[in-house]
1. What pairs come out if I take residues in region 49-70 that are more than 23 Å from GLY249 (Cα to Cα) and in contact (Cβ under 8 Å) with a residue 40 or more places away in the chain and pair them with residues that are hydroxyl-bearing (Ser, Thr, Tyr) and away from the ligand (no atom under 16 Å from the Cβ) whose C-beta lies under 7 Å away, six or more apart or interchain?
2. Are there any pairs with C-beta distances below 7 angstrom linking a residue in region 315-344 that is not assigned by TED's automatic domain parsing to the domain that holds GLN248 and modelled with pLDDT of 95 or more to a residue that is among the hydroxyl-bearing types (Ser, Thr, Tyr) and in a helix (DSSP H, G or I), with the two at least 6 apart or on different chains, and if so which?
3. Does region 369-414 hold any residues that are outside any loop (DSSP other than H, G, I, E, B), surrounded by 18 or more Cβ atoms within 10 Å (Cβ to Cβ) and in contact with a helix residue (DSSP H, G or I) (Cβ under 7 Å, 6 or more places away or on another chain), and which are they?
4. Name the residue, out of ALA96, ALA122, ALA153, that is at pLDDT below 95 and crowded, with 19+ Cβ neighbours inside 10 Å.
5. Report whether or not GLY218 is without any contact (Cβ under 8 Å) to a residue 40 or more places away in the chain, away from the ligand (no atom under 11 Å from the Cβ) and among the small types (Gly, Ala, Ser).
6. Got a sec? Which of GLU317, GLU333 is in a loop (DSSP other than H, G, I, E, B) and more than 30 Å from ALA87 (Cα to Cα)?
7. Got a number for residues in region 1-54 being assigned to a helix (DSSP H, G or I) and more than 16 Å from the ligand (Cβ to nearest atom)?
8. For region 239-248, what are the residues that are away from the ligand (no atom under 11 Å from the Cβ), crowded, with 24+ Cβ neighbours inside 10 Å and not aromatic (Phe, Trp, Tyr)?
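The values are calculated or read from the model by the stated rules, or taken from the named source; none is laboratory data. Keep in mind that what you see is a predicted model, and the values were worked out from it rather than measured. Positions of Cβ are backbone-derived with ideal geometry, glycine not excepted, and every protein chain shown enters the neighbour counts.
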Amino acid sequence: MSTNAELFERACRSIPGGVNSPVRAFRSVGGTPRFVARAQGPYFWDAEDKRYIDYIGSWGPAILGHAHPAVVKAVQEAAVHGLSYGAPTEAEIEIAELLIERLPSMEQVRLVSSGTEATMSAIRLARGATGRNKIIKFEGCYHGHADSLLVKAGSGLLTFGNPTSAGVPAEFVSHTIVLDYNDSQAVREAFQTHGKEIACVIVEPMAGNMNLVKPAPGFLETLRELCTAYDSVLIFDEVMTGFRVGPQGVQGITGVTPDLTTLAKVIGGGMPIGAFGGRADIMNHIAPLGGVYQAGTLSGNPVAVAAGIKTLQLLGEPGFYDQLGAQTRKLTEGLTQQAKRHGIPFSADSEGGMFGIYFAQAVPKSLNDVSASDIERFKKFFHGMLDQGVYFAPSAYEAGFVSAMHDDSVIDATISAADAVFKSLV
Ligand code: PMP
């Protein structure tokens, strides 16, 4: 049996940084990544057969818990009939109908294979449908790694952004306007200056990529109002929040209706899938109907679609989200109480099965607030919990996820582990 450290050393020889997605490498918290051997329900086991309570759940998809028997069965049954056809199937219609039925803003939907593809395609579609180039995004929101989205705010208000990745020419992000999340006034000013050139606004309607940061009252409503007034496309990136925070995502909670929505993660139940959809008059611009090109060899993959359909069916059971939300609150309230008992500045927030924990007196409202939290203390907490067999996201800038399998005993075990760890942090 290899140790995690041995595997990491070996991985680094054949894979850049030893991982296939950067945050897995533990760079921001230090230490050795855990190599997963298997997972079941709320747990995974690493290469050394140590068990962890998992609060990442594959960064969101594992909402039913790992290896849910009904989802695994659906995958197995689909796999025997072939892994990919490159021709349409009835199951693709079924998942499209399920998504349209659940999300009132969605009239038509197209499947892709990841969240990145979903947002990249939605933005191309918005540009193609409006004949405009500029897009607005918000600092701290992550929408996958398409070139025009890898950008941070420029120095002054209303300046265009700078690439945050090598390999992205400045020209490629010269049409991307980056504003502060929850700053309605800045969006108003951007529209006053560039309104008729703005193809779309893309937003995480509840941000989960700068830890959990909720929309301020009126923020999403302002985006809706301005996009309507200027004929721009409002894109809700619900890759993380879709079917995670509630049965209709953030749009169901806030009542603000986007023109397009991007989805991934939960809708594939752990298999590679993404989707973008919305108003039919916009979706009609996609090839083969319209001039906006978008395609994929594995799009609508039958095995991924089978996992997605089964997952969505199970999420539709009465009371699912009430129960998930209650368990998540039990976790955040328990952690907050323990921190308070030990006199550690700490706060927490949640929506449905998604949560944020912050080493800060108050729940953050912006990326700046998150950055101002005690990140050194978070790192110690992270490693303390890891030693105790509890796996939180290895970064203070990530949200956490609870599954339907995180029952009372799992939450209680987490809270008593936190008691010991908070004590050691005093
Ligand atoms: N949008 C959001 C809101 C996300 O959280 C993510 C991934 N964390 C993406 C897009 C990109 O999705 P993927 O990793 O599947 O490409």
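1. Listed by first residue and then by second, the contacts come to ARG51/TYR43; TYR52/TYR43; TYR52/TYR391; ILE53/TYR43; ILE53/TYR391; ILE53/THR414.
2. Final answer for the pair search is LEU331/THR414.
3. Across region 369-414, the qualifying residues are PHE381, GLY384, MET385, VAL390, ILE411, THR414.
4. Numbers: ALA96 fails: at pLDDT below 95; ALA122 fails: at pLDDT below 95.
Testing whether each residue is at pLDDT below 95 and crowded, with 19+ Cβ neighbours inside 10 Å leaves just ALA153.
5. On the way: without any contact (Cβ under 8 Å) to a residue 40 or more places away in the chain: yes; away from the ligand (no atom under 11 Å from the Cβ): yes; among the small types (Gly, Ala, Ser): yes.
When the stated conditions are applied, GLY218 passes them.
6. Details: GLU333 fails: in a loop (DSSP other than H, G, I, E, B).
Sole residue among the options that is in a loop (DSSP other than H, G, I, E, B) and more than 30 Å from ALA87 (Cα to Cα): GLU317.
7. If we filter region 1-54 for residues that are assigned to a helix (DSSP H, G or I), which is where we start, we get 4-14, 16-18, 22-25.
Now drop any that are not more than 16 Å from the ligand (Cβ to nearest atom), which leaves 4-14, 16-18.
Qualifying residue count, region 1-54: 14.
8. First pass over region 239-248, keeping only residues away from the ligand (no atom under 11 Å from the Cβ): 243, 245-248.
Right, trim to crowded, with 24+ Cβ neighbours inside 10 Å and you get 243, 245.
Selection gives VAL245 alone.
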